[in-house]
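A quick write-up on the structure given underneath.
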Amino acid sequence: MEEEKKGILESVGGRTIKTTEASKKVRPFTKKITQDGHQAAAEGRPVAYCFIMSLYDEILRAMDITPIWTENYAAICAVKRQAERFISSAQSDGFPRNLCTYCTIQEGFDLMRYQLGGIPSDAPDGGMPKPTMLLGTGMMICDPRYKSYQIAQRYIDVPVHIHGLLWPPVEADLDEVKDYYVKYAVEELRGLVQFLERQTGKKMDWDRLNATIDLANKTYRVWWDAYQLRKAVPAPMPTEDAMSTMVPGYFWMGTQEAFNFYQDLYNEVKYRVDNKIGVIPDEKYRILWAAGLPPWFALSILNYFEMLGAVFPIEITYHPPPPVEIPAAAKHPLERLAWRFFKQWTYRHEKARKRSGDAMIEWMLELIEDYKIDGVMMHRATTCRTIHAGQIHQLNVLKQYTDLPTLVLESDICDISAFDDAGTRNRIDTFIEVLDTHKKGKQ
Amino acid sequence: MAEQGIAKVETIYQDRGHRARELKAEGKKIIGYYCCHTPVEIITAAGLVPYQISGNVAETITKADGYLETIMCPFCRNSFDLALRGEYDFFEGFVVPHACDNIVKIYDIWKVNIRPPYSHFINVPHTLTPAAHEFYKAELGTFKRSIERFIGGEISPGQLKEAIQLHNEYRALVRDLYGLSKPDPPLILGSERTKVLLAGTRIPVQEANELLRSVIGEVRGRSDRPQKKPARVLIYGSQIDDAPFIEGIEGVGANVVVDDLCIGTRPYWREVEITADPVDGLVTGYLDGIKCARTYRARTGTRKEDLDNRFGHILNFAREFKVNGIILLSINYCDTYEFEAVEVRDYLQEAGFPGIILEVDYTLLSIDWLKTRIQAFLEMVGQPV
């Protein structure tokens, strides 16, 4: 039956099939990012290149600065199969192909816009407007977050600001270190606000920032609650939907639109749970997307799993942050942000200290139990050290606590040349067989 | 008479853990550490012996593939492989600074799989703001208290100042060592210098100072100086920390007279000021003093002024050591330097120093593959200065 061995993308069709109505309403959110950017640029309003999870979402919204999320734009290019020309453009200037393709697409795009004196032709979503500032972060998750914007000044000679955000290792005594970690975050955010005030000529309205944080916290909460509903069997919403429903949370946080989106998502998922409406009719296996940014050009591989009776009820990637309690004494909005950041990034530290020593493993084990998981999958993107280096180790540790079958798929976030279609299909087919054997053995 | 000078360097280079094992047998505790951002003065002040972890390009990875992805920094993979094979079994402790994504990852992986009796992670801000200095001072305080718990005693300000003095002396001697490369031909091969620097980070600082003095004295008195080559070059990169990298370049027509590398000028072209509270000196000495791609230097003035601020020291080296060209060795998956190399190449090119970026994967094989390209580059730049 060799003729049936189609390529995986061919076998599931070109487009990713979504389940929830909410996820089908996300595309306007992504289109609006560049639309708003172009409009702001045309009207002379500030436009900033931004990275997600930088803790400045509410600050930008409160100061009417239009963010252009360059990672998101790179992913759009990948989905539209337009990434290669921008990656090649960056390569032509000396940036190796193994660098983060979110960044090489941005650098390559910026180089082309610089050389052409305008947006490259047929750029997805109208291309990225030239920003008036570049806002990176010095964190512990990703070095390209500060390097790529620093380097982007080769093509865009506009002010750049990098603020630092750090969290302690699992073994740290949080009582010993928390004050100076939080203080660092507060002061770095204060430096960011001062920079933005200088660039925009506008003072921060702290009351407005507080209100924006309130709205964001409310949004995080309903987003979190919606995902808690996904524990249900059959799974009401799959990971391929979550790769879309993350968009309002990561790119529109602090807006009423984002809150409304998650409220609708909550209602829809609840309806599906109450009425036992699953992603697929006969759910045989539940798989955890345990780590890894997705291959944006091939999200439909998740539909292929579904054809084999497997569904991804939950994922760690782009999961909403956990609800945390902020100390009552933290009244200033920057303190509220800093404490939220610290508490979220140390959320499982104590648990990890008592068992595995690894907060990420603790999270996986929680999800495995809560979401009734049968197998664990990771995606390894070749150009990103952030999440993808250390996966072997994570699986080694995880196996000390669970005997679930595991699978690692390898490709990239945006570089389709790293994707092995036939090999991916074979790995998935084999994994499903292993899952089946394992599950039967447990019964 | 005890071995000294280049012969001793060669002995340590060939059997890198030998002296550390001797010291361990004498009751000394050896603390392995990654990266020049580790403030070794605190380790020395505690009566411990800091030992910088390196790789060995002659070794093939045999065990690390079961723990580390091939998309990780090959230096980290190589050095961790050595650890898995017991090359670092004399460590009583393990210290890792937050240098880059790869080094951050290796901390947990090493801790879990090698299980050193003591381990500590030092968080290092990427920014150089006043808040970053305050944070880093607090973080070094946490590190100091952690080491004190490990040794069961306190490190006094006097002990810390003494350790800073010793390491300052070492840094000054390294700068003297580089001075031996200013003549044409240089008095010392670049590959010899790399071995000296490797040896110096594997023995107690007092012995390292003695070793460097003996090497400098020996080299100054040399009658058979290295052969003059058509080109004098500067090597730029990150953890290019093994002699074959430099031998490969010197073997095809160049004198490697200076560098901007992690095992090179980068950690040593500075002093740590001895301040009233000695931790203050460490904060500025390490945070501001090490010009590394992992630290963000806020833009100052125009783009040209910003580049001068970030890379002016490399241009000064190029001029001071009268180089003909720059070879930028970019280790695969070293994100910070892979980004930065493009900027450095263009900045130096603009100033009249041609450069070439070459990707290496931390193996002898990759050095062999590059020889033809290096040779072509050297022929292009190898004009009389």
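Volume of the convex hull of segment A:59-189 (Cα atoms only), normalised per residue: 132 Å³.
Scanning the protein assembly as shown for cysteines with no neighbouring cysteine C-beta under 4.7 angstrom from their C-beta gives A:C50, A:C77, A:C142, A:C384, A:C414, B:C35, B:C36, B:C100, B:C262, B:C292, B:C334.
Using helices alone, what [θ] at 222 nm do you get for chain A, with -39,500 (n - 2.57) per DSSP H run of 4 or more residues, divided over all residues and rounded to the nearest 500?
Working: 18 runs with 226 residues, N = 443.
Computed mean residue ellipticity for chain A: -16000 deg cm²/dmol.
For segment B:117-130, the Karplus equation 6.51 cos²θ - 1.76 cosθ + 1.60, evaluated at θ = phi - 60°, returns couplings of x, 10, 8, 8, 10, 9, 7, 10, x, 7, 9, 10, 6, x Hz by residue, with Gly and Pro reported as x.
Remark: mean inter-chain Cβ contacts per residue of B:108-115 equal 4, using a 10 Å Cβ-Cβ cutoff to other protein chain atoms. Only Cα pairs under 8 Å and 6+ residues apart enter the sum, and on that basis the relative contact order of segment A:66-145 stands at 28 percent.
Using Cβ point charges alone (K and R +1, D and E -1), the dipole size of the protein assembly as shown about the Cα centre works out to roughly 540 debye. Straight-line cross-link reach from A:K442 at under 27 Å between alpha-carbon atoms covers these lysines, not counting any fewer than eight positions away in the same chain: A:K231, A:K276, A:K284, A:K372, A:K399. In this structure, the amide hydrogen of B:E359, modeled 1.01 Å from its nitrogen in the peptide plane, lies closer than 5 angstrom to those of B:S330, counting only residues at least 5 positions away or on a different chain. Size estimate for segment B:97-218 follows the Kirkwood approach: the inverse of mean 1/r over distinct Cα pairs works out to 17.4 Å. Rounded to two decimals, the Cα-based Rg/Rh of segment B:274-321, with Kirkwood Rh, is 1.09.
Is the C-alpha gyration tensor of segment A:394-443 telling us rounded, prolate or oblate? Criteria: a/c under 1.5 is rounded; beyond that, a/b larger than b/c is prolate, otherwise oblate. Don't skip to the end; give the middle numbers.
Details: a/c = 4.85, a/b = 1.62, b/c = 2.99.
Cα axes put segment A:394-443 in the oblate bin.
Structural descriptor for segment A:347-443: relative contact order 25 percent, calculated from alpha carbon pairs under 8 angstrom and at least 6 residues apart. All distinct Cα pairs of chain B go into the 1/r average, and the inverse of that average, the Kirkwood radius, is 21.2 Å.
Given +1 at the Cβ of Lys and Arg, -1 at the Cβ of Asp and Glu and no other charges, the dipole of segment A:150-255 around its Cα centre is 420 debye to the nearest 20. Calculate one ³J(HN,Hα) per residue across segment A:426-438 by plugging θ = phi - 60° into the Karplus curve 6.51 cos²θ - 1.76 cosθ + 1.60, and present them in order as whole Hz with x for glycine and proline. Using θ = phi - 60°, the values come out as 4, 5, 5, 4, 5, 4, 5, 4, 5, 4, 4, 4, 5 Hz. Percent of alpha carbon pairs in segment A:181-340 separated by more than 21 Å? Looking at segment A:181-340, the distances longer than 21 Å represent 56 percent of pairs.
Find the Cα radius of gyration of segment A:141-231, compare it with 2.2 N^0.38 Å by division, and give the number to two decimals. Write out the running numbers ahead of the final one.
Details: Rg = 17.5 Å, N = 91, 2.2 N^0.38 = 12.2 Å.
Taking the Cα Rg and dividing by 2.2 N^0.38 Å, one obtains 1.43.
In terms of its Cα atoms, segment A:200-258 spans 52, 18, 12 Å along the principal axes, sorted from long to short.
Of the Cα atoms belonging to segment B:229-383, the radius of gyration and Dmax stand at 16.1, 54 Å.
Show log10 I(q)/I(0) for segment B:339-385 at q = 0.15, 0.25, 0.26, 0.29 Å⁻¹, two decimals, from a solvent-free Debye sum over equal Cα scatterers. Values returned for q = 0.15, 0.25, 0.26, 0.29 Å⁻¹ are -0.48, -0.99, -1.01, -1.05.
Just from its helices, what would the mean residue ellipticity at 222 nm be for chain B, if runs of 4 or more DSSP H residues each count -39500 (n - 2.57) and the sum is divided by every residue, rounded to the nearest 500 deg cm²/dmol? Computed ellipticity for chain B at 222 nm equals -16000 deg cm²/dmol. The coefficient of translational diffusion for segment B:1-140, derived via Stokes-Einstein from the alpha carbon Kirkwood radius under 37 °C and 0.692 mPa s, stands at 202 µm²/s.
Any idea what the dipole of chain B comes to, in debye rounded to 20, about its Cα centre with Lys/Arg Cβ at +1 and Asp/Glu Cβ at -1? Write out the running numbers ahead of the final one.
Values: 45 positive and 53 negative charges, 73 e Å.
The dipole of chain B has a size of about 340 debye.
Normalising by residue count, the protein assembly as shown has a Cα convex hull of 169 Å³ per residue. 3J(HN,Hα) along segment B:197-209, derived from phi through the Karplus expression 6.51 cos²θ - 1.76 cosθ + 1.60 where θ = phi - 60°, amounts to 5, 4, 4, x, 9, 10, 9, x, 4, 4, 5, 5, 5 Hz, with x in place of Gly and Pro. Taking amide H atoms as placed 1.01 Å from N in the peptide plane, the amide H of B:Y118 lies under 5 Å from those of B:G93, B:F94, each 5 or more residues away in sequence or on another chain.
Quick check on chain B: of the DSSP beta bridges with both residues there, what percent are antiparallel, nearest 5%? Roughly 0 percent of the beta bridges in chain B run antiparallel, per DSSP.
When the Cα atoms of segment A:359-443 are aligned to their principal axes, the ranges along those axes come out at 41, 31, 20 Å in descending order.
Global dimensions of segment B:202-244 from alpha-carbon coordinates: Rg and Dmax equal 14.4, 38 Å.
Scanning chain A for GluC sites (Glu not before Pro) that sit in a DSSP loop and have at most 10 other Cβ atoms within 10 Å, the longest stretch containing none of them is A:44-324. Near A:G138, the amide H atoms lying under 5 Å from its own belong to A:H163, A:G164, A:L165; only residues 5 or more places off or on other chains count, and H is placed 1.01 Å from N. Using every Cα-Cα pair within segment A:248-304, state what percent have a distance larger than 17 Å. For segment A:248-304, the share of Cα pairs beyond 17 Å comes to 63 percent.
When 1/r is averaged over all different Cα pairs and the result inverted, which Kirkwood radius in Å belongs to segment B:145-201?
Numbers: mean 1/r = 0.0726 Å⁻¹.
Computed over Cα pairs of segment B:145-201, the Kirkwood hydrodynamic radius comes out at 13.8 Å.
Here the convex hull built on the C-alpha positions of chain A has a volume of 143 cubic angstrom per residue. Using only Cα atoms, find the angle between the long axis of helix B:5-14 and the longest principal axis of chain B, and express it within 0 to 90 degrees, rounded to the nearest 10. Result, in degrees: 70. Considering segment A:121-191 at the alpha-carbon level, its Rg and Dmax are found to be 16.5, 55 Å.
The Cα center of segment B:23-82 and the Cα center of segment A:155-206 differ in position by 32 Å. Counting Cβ atoms of other protein chains within 10 Å of each Cβ in A:161-169 and taking the mean gives 6. Shape class for segment B:170-250: oblate, because the ratio a/c of the largest to smallest gyration tensor axis (alpha-carbon atoms, square roots of eigenvalues) is 1.5 or more and b/c is at least a/b.
FYI, it's all coordinate maths here, none of it is from the lab. Just so it is clear, the structure is predicted and the values come from calculations on it, not from any experiment. Positions of Cβ are generated from backbone atoms using ideal geometry, with glycine treated the same way; all protein chains shown enter the neighbour counts.
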